[in-house]
Every structure is written in structure tokens, then in C-alpha cells.
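For reference, the structure is listed below as C-alpha cells.
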């Protein structure tokens, strides 16, 4: 009963915030970038909540169940990426765009914009799909009579409705509530669970020694296979830049990154610790369920219920973010740019909401394909990281990069990732895909004429002003 009550409260809060923010949606800027009004403390939690979703709660936990603390190589990619992001957050806000493909066209050309949009849509739809899977797992654990597939459909309905209603404003303020709830609950849960299993010595005795080593059973290449896709997704992440574009000021964007660094280090380490401790007590056929199972069976009922409710809300939050992101690309980067350049604000809002619904349905269909959330996460991260991130980084750091190099990089990064995934190779796709993308960017740019000064100056003048 306590689990149902907590879940009902969480859903009520989500609905309340969404209704409140829907009333403030008047135009495209309100829907896509929250009217560029978000203060730094709201940005911290929306960045943290959108980053730590089912990929961490299920994929990361699945990794921790199998590999122990060596699984920290996966979130470490995000931590490394955050150090780089700290240098460009303020600059991104100064440019005041709507999407990453805005940057790609401004710096390169329309072809780079379209190819970047395709890569982002493919990646984000896969990420959204496994949020639906994870949410269905949680509902099944709370209510065993609800099948996982049915739970997935229920979660998808919530996410599509919330995202279509209020756009970025709904996403950001939902994240503020959810991020605070989950962070506090996990901090409380770790010592309670450790006491329940009999202390740290008992955890060490129940698990292989490799679970407590830097690499554990992984090779350095396997470890980097977790780190690189995560890092590349983060530093090129469309949702991340969209939140910087939503900041109230450059200062708010920069401050939010430092708060995000602290929050990510704390929360992701605690989540891995919780999964490792839980794996010493619970042996599961489905490793991805270790965190919700631990919350349900290893913690006091009230704390476990709050943690499950927070996980449910975080899945909703992350799915909101990654469903909203590609819908923005399709509407802003394709519809408004190539189909209906004279679209009114009302037309744009209608098309935005219809696009959210259609992409949500497509993500739901994708959810039936992947059996492992960890595998789905790494695939999505690789598409995004190899195809989009090199060209996005060149926007800020390499004046010689040109349109031909960017187009070749985005195209090859996408194609090699998808082809490698279907080939069934045991070698992680990130290595061939990233190599193809970076080499294409560098060599094609150097083999063709440099970009015109007007394509470059605004980005580097913004950096020095």
C-alpha cells in the first residue's frame, strides 16, 4: 500500500507542475527554451535529472551487478566530459540558438544541419525507448499484476502527454522536483542498506574480489568502451545545449555546470554503491532490476517506496528530455527551416506537439527490440557521440573545420555505428565509428578550402569577449 501511495503522490506532483507550466506557453521560445528564463539552480537539477535516468538506474546498475565498482568507468565518461563542458557553457548561451543543428548550420551548412538532426533523432528515440522499458519494470515490481509490457505502455502515455503539454518549462521544473527527491533518498538509502546486509565486510565476502578493483574483470579497452560513448554523448548532447540556451544568463549557464559536476559525482557513485551492495544480497536473472529490487526488498518500506517513486519519476524525467530533444530538431531544424518557413507561432506549437506524440509512439515500438538496457544505452551513446560530437566540438575549438569535413564526419559516424551494430562484431562500435568520424573531419577539412571568416568569427569572438 505504501508503494501505491507514494507513486500516486509522485504522479500528482508531476501532473500539477505540468499543468502550471502549460499555462505559460505562448510561443516557440517558451516551448523550446523556456523563454530563456531558467536560473542556475533549476538548471543544475534539470541537467542532473536528464543525465541520470534509466541508463544509470538500469543500464549502469546492470553493469554494477556484473562488474562491481569497475562499472564506474561508465559514468566517469560523463565526469570527464563535464570538465570540458565547463569551458563552453557560457559561450553556448551567448550564441542564443535553439538546437545543436542551429550551431551546425551557422558554423557549417544546411546539409550538416539535416544530417546532425537525423543522428540526434535516431539516438534520442533509442534512449527514450529504454526509459519506457525501465519504467515498465518499476511498475511491475510495485504492482506485480501489471505486466512489464503493459507498464511500458503506461509510462509511454505519461511521458508523451507531459512532454507535449509544456515543452522545456515542464521538463526543467519537473527535474527540479525529481532531482532533489532522488538525491536525498539515495544518500539516506546507502547506509540503511549496508546495515541491512550486515556491513561492508559481509558485502566483500559475498562478492568476487574483482568487484572491488579498478578494472575488475574488464580489460582497459572494455573499460574505455564504457567511458568513451558516455563522454562523447555528454559533450555533444543536444538536450544539454538546449538547456544552456534556456538559461537566464551566461553566468547562470556556467554556474549550473559546476553544480552539475558535484551532483553527478555524488549521485552516480552512490547509485553504483547501492547496486553493488544490493547484488551481495539479491541474485537476479535480470541484472538490470537490481536497484528497484533493492529498493523494494532491501530497505525500510517508506524509504524503499520513496526511492522507487523517485526512480519512476526520474525515468519519466529522462524520457521527457530525450523525447523533447528530437521533436525540437524535427520542428525547428526541418519543418520551420525547409517545409514552412512562414509558420505562425500557433502552427509551430501544434506541429511540435504532434511530433512529440509520433516520436513517442516510434520510441515505444523500438522498446521491443533491445533486451539489455546497457546495450541499448551504449548503442545510442555511440551514434550520438561518434556522429555529432566531433563536429560540435570543432565549432568551439577548431577554426579550420569546414562544411565538407563536418558533413563527412556526421555521415560516416552514423553509418559506421549502425553497420557495426548489425554486424554483431565483439569489438565496441565506438572505436571504428569515432575513428571514421574524426579522421573524416580532419582530413576532408584540410583537403578542401578553409571556411569563410564570417562562418568562424562569431564563435571565436564570443569566446574572447
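Nothing in this text is a laboratory measurement; each read-out follows from the coordinates by a stated rule. None of the values given here were measured: they were computed from a predicted structure. Virtual Cβ from ideal backbone geometry, glycine too; neighbours counted across all protein chains shown.
If the chain linking residue 339 and residue 361 were pulled fully straight, counting 0.36 nm for each residue of separation and taking away their Cα-Cα distance, it would gain 5.7 nm. Sorted on the mean count of surrounding Cβ atoms within 10 Å across their residues, most packed first, peptides 272-279, 381-388 read 381-388, 272-279. Protection proxy ranking for 295-306, 322-333, 103-114, using the average of other Cβ atoms within 10 Å per residue and placing the highest first: 322-333, 103-114, 295-306. Centre-to-centre, using Cα atoms only, region 115-164 and region 278-332 are separated by 11 Å. Most tightly packed first, judged by the mean number of other beta-carbon atoms within 10 Å of their residues, the peptides 137-144, 308-315 read 308-315, 137-144. Subtracting the Cα-Cα distance of residue 375 and residue 346 from their residue separation scaled by 0.36 nm leaves 6.5 nm.
Between residue 221 and residue 265, the modelled label-to-label distance comes to 3.2 nm, taking each label 7 Å out from Cα in the direction of the beta carbon. Between residue 214 and residue 448, the contour length at 0.36 nm per residue exceeds the alpha carbon distance by 79.8 nm.
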